[in-house]
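Down below is the structure, laid out as structure tokens.
The values are calculated or read from the model by the stated rules, or taken from the named source; none is laboratory data. Bear in mind that the values here come from a model prediction, so they are computed numbers and not experimental data. Every residue, glycine as well, gets a Cβ built from its backbone with ideal geometry; the counts of neighbours run over all protein chains shown. Protein only, heavy atoms only, side chains kept; ligands, DNA and RNA dropped before computing areas. Shrake-Rupley method; radii C 1.70, N 1.55, O 1.52, S 1.80 Å.
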Amino acid sequence: MAKYAFFLGCIAPLRYPGVEKSTRVVCERLGIELVELDDASCCPAPGVIRAFSRTTWLAAAARNLALAEKMGLPILTICNGCYGSLFEAAHELNHNPEMLAKVNEVLAKIGMHYNGTTKVHHFAEVFYNEVGVEKIKAACTNPLNYGIATFYGCHFLKPGDVKDIDDPEDPKILDELVEATGCKSLPRKQKTLCCGSGGGLKAAFGDVAKEFTKTNLENIQASGAQFIVDVCPFCHLQFDSTQDALGFNIPVLHLSQLYGIAMGMSEEELGLSAHKVPVKL
Amino acid sequence: MEVRYDPEFEKQLAELGGADAKLCFQCGTCTASCPSGRRTSYRVRKLVRMAQLDMKEEIISNDELWMCSTCYTCVERCPRRVPIVDVIIALRNMAVADGHIKAAHKKTAENLYTMGHSVPINDDIKNMRKALGLPEVPPTVLSNQKAYEDLKVILDAAGFNEIVE
Ligand code: SF4
Ligand code: SF4
């Protein structure tokens, strides 16, 4: 059975706990064992913390990586931000001995050490590559038939040369993952356009970020989709929290929640009451 | 035209991971691909050019430096494989070191410094977590004061307290 250290991050456990809950239930159904990554912190947020000080960001990320290394487990993330941040930090530290030595000087202050061995994964990548679409289909005991707008976000697949999961310009894997439930992924314009919230843009220039979101929502509306399905609580938050002001009303689900529905979890268990755009199934 | 040469800036840019800005040949593919440039006055091609020309002050004092959402579209398409987002992050590090910080970003940094997470926990979330059968407080630094103190030691060692305070 595949086994991972479960990295929670911030937005899922502290804003959309239903995403955390659904992930736990769905992973169990799919034969993925999640072990608590006790004492982890924020990844830390690449948009703001990495922009403030790359050294600080790297050292704090190394602490999270070292916690998983001590458990001898790869990390599973449920957020593009956490994935982007920890993947990039691991990529750098696992390949750059000089930087690793520098970071270890800092970690030594708290009696920790990182050997540079932790691997970081995105849950959707694990679902696709490790579990596989056929096994997911079989686990969907409550098949669905909604029209879906898949939303990949940016840091799941990009930068493509180091992540190498799918073609970032014309990706397919989330569409296949969504269609495993019986739903239909609907084509639309500018499918890979950023939601707008990354890089600290939402915090500093929220109106600009909303302009990104608005274009996405217009394209999604035109596609006829009934739900937006994302793989990132930060994109999720952006779509869920701006629609009222932008005059849209398209419910947003994290992939783990869509799977939860298709595997027969109750509405309460999915934590849908945290969503601002009401989710009616 | 006045020639500007700032070896200190070039050295810093390189140390922070932005050395490959020099590879850019100004084709404009990045700006043409940039969702932020489509909606604002921000032009990423121009920013990379300004970095090549050592225009540190003009770069770090301009709000446009903070208009990139780090979507990586430009990075995917750049024919010279300039790690554009890394260049932007390096420039932002320099801006912050010189005191150019947005209040909202400072708030996120403070959250990390005081709680170990980028957003705070509250009673609504605690209740919702409990109702879902999850621990009221997630098993992160939020549940372990020693782990939080450890994180703070790391942030302090990297001089983060000076930025936040
Ligand atoms: S796409 Fe690359 S080479 Fe072309 S202008 Fe932008 S950074 Fe320069
Ligand atoms: S990464 Fe930044 S500069 Fe590049 S296309 Fe995206 S928003 Fe524009």
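Somewhere in segment B:25-36, is a residue aliphatic (A, V, I, L, M) and open to solvent by less than 40 Å² (accessible area, probe 1.4 Å)? Can you show your working first?
Initial filter on segment B:25-36 (aliphatic (A, V, I, L, M)): B:32.
Retained after the next criterion (residues that are open to solvent by less than 40 Å² (accessible area, probe 1.4 Å)): none.
No, every residue in segment B:25-36 fails to be aliphatic (A, V, I, L, M) and open to solvent by less than 40 Å² (accessible area, probe 1.4 Å).
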Requiring at least 3 residues that are more than 29 Å from B:E8 (Cβ to Cβ), the helices (runs of 4 or more DSSP H) wholly within segment B:70-165 are B:73-77, B:103-115, B:123-131, B:145-157
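Is it fair to say B:G99 is small (G, A, S) and either crowded, with 18+ Cβ neighbours inside 10 Å or facing chain A (nearest Cβ under 7 Å) (or both)? Step through it out loud before you land on a result.
On the way: small (G, A, S): yes; either crowded, with 18+ Cβ neighbours inside 10 Å or facing chain A (nearest Cβ under 7 Å) (or both): no.
No, not satisfied.
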*Please verify whether segment A:54-61 includes one or more residues that are modelled with pLDDT under 95 and open to solvent by 20 Å² or more (accessible area, probe 1.4 Å).*
yes
Picking from A:C27, A:C43, the residue that is closer than 23 Å to A:C154 by Cα and in contact with a strand residue (DSSP E or B) (Cβ under 9 Å, 6 or more places away or on another chain) would be A:C43
Can you find a residue in segment A:127-136 that is touching a His at 6+ places or on another chain (Cβ under 7 Å) and modelled with pLDDT of 95 or more?
no
Per the list (1) free of Cβ contacts under 8 Å to residues at least 12 places away in the same chain; (2) away from chain B (no Cβ under 12 Å), residue check on A:E105 breaks on (2)
Inside segment A:13-36, the number of residues satisfying the requirement of being facing chain B (nearest Cβ under 9 Å) and open to solvent by 10 Å² or more (accessible area, probe 1.4 Å) is 4
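Out of the residues in segment A:62-77 that are touching a Leu at 6+ places or on another chain (Cβ under 9 Å) and either outside any helix (DSSP H, G or I) or within 7 Å of chain B (Cβ to nearest Cβ) (or both), state the one that is most open to solvent (accessible area, probe 1.4 Å).
Initial filter on segment A:62-77 (touching a Leu at 6+ places or on another chain (Cβ under 9 Å)): A:62-68, A:71, A:73, A:75-77.
This time we only want the ones that are either outside any helix (DSSP H, G or I) or within 7 Å of chain B (Cβ to nearest Cβ) (or both), so: A:63, A:73, A:75-77.
Details: A:R63: 4, A:L73: 27, A:I75: 0, A:L76: 0, A:T77: 0 Å².
Among residues in segment A:62-77 that are touching a Leu at 6+ places or on another chain (Cβ under 9 Å) and either outside any helix (DSSP H, G or I) or within 7 Å of chain B (Cβ to nearest Cβ) (or both), the one most open to solvent (accessible area, probe 1.4 Å) is A:L73.
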Here the qualifying pairs (Cβ atoms under 9 Å; residues six or more apart or on different chains; first in segment A:68-81 and under 17 Å from A:C42 (Cβ atoms); second at pLDDT 95 or above and basic (K, R)) come out as A:A68/A:K119; A:I75/A:K119
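Return yes when A:A204 is open to solvent by 20 Å² or more (accessible area, probe 1.4 Å) and within 8 Å of chain B (Cβ to nearest Cβ) and no when it is not.
On the way: open to solvent by 20 Å² or more (accessible area, probe 1.4 Å): yes; within 8 Å of chain B (Cβ to nearest Cβ): yes.
The answer is yes for A:A204.
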Checklist entry - In this structure, does B:N144 turn out to be facing chain A (nearest Cβ under 8 Å), polar (S, T, N, Q), more than 20 Å from A:P46 (Cβ to Cβ) and open to solvent by 30 Å² or more (accessible area, probe 1.4 Å)? => result yes
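Filter segment B:54-74 down to the residues that are β-branched (V, I, T) and more than 10 Å from ligand 2 (Cβ to nearest atom), then identify the one that is surrounded by the fewest Cβ atoms within 10 Å (Cβ to Cβ).
Kept after step one, since they are β-branched (V, I, T), are these residues of segment B:54-74: B:59-60, B:70, B:73.
Remaining after also requiring more than 10 Å from ligand 2 (Cβ to nearest atom): B:59-60.
Numbers: B:I59: 22, B:I60: 19.
Once the filter is applied, the top-ranked residue is B:I60.
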A:D161 meets each of (1) buried (at least 24 other Cβ atoms within 10 Å of the Cβ); (2) without any contact (Cβ under 8 Å) to a residue 40 or more places away in the chain; (3) within 14 Å of another protein chain (Cβ to nearest Cβ); (4) part of a helix (DSSP H, G or I) with one exception, condition (1)
Residue pairs within 7 Å by beta carbon, gap of at least six or interchain, first lying in segment A:194-206 and within 17 Å of B:G37 (Cβ to Cβ), second within 16 Å of ligand 1 (Cβ to nearest atom) and among the hydrophobic types (A, V, I, L, M, F, W, C), listed first then second, are A:C194/B:C71; A:G198/B:C71; A:G199/B:C68; A:L201/B:M67; A:F205/B:M67
query: If you go through segment B:75-94 one residue at a time, do you hit one that is within 9 Å of chain A (Cβ to nearest Cβ), open to solvent by 60 Å² or more (accessible area, probe 1.4 Å), within 21 Å of B:Y42 (Cβ to Cβ) and among the basic types (K, R)?
result: yes
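Among what's in segment B:43-69 and is assigned to a loop (DSSP other than H, G, I, E, B) and under 16 Å from the mean Cα position of the chain (by Cα), pick the residue that is farthest from A:G206 (Cα to Cα). Don't jump to the end; show me each part of the working.
Keep residues of segment B:43-69 that are assigned to a loop (DSSP other than H, G, I, E, B), which gives B:43, B:53-55, B:61-62, B:67-69.
The next check asks that each one be under 16 Å from the mean Cα position of the chain (by Cα); those that pass are B:61-62, B:67-69.
Working: B:S61: 20, B:N62: 17, B:M67: 10, B:C68: 12, B:S69: 11 Å.
Per the stated criteria, the residue is B:S61.
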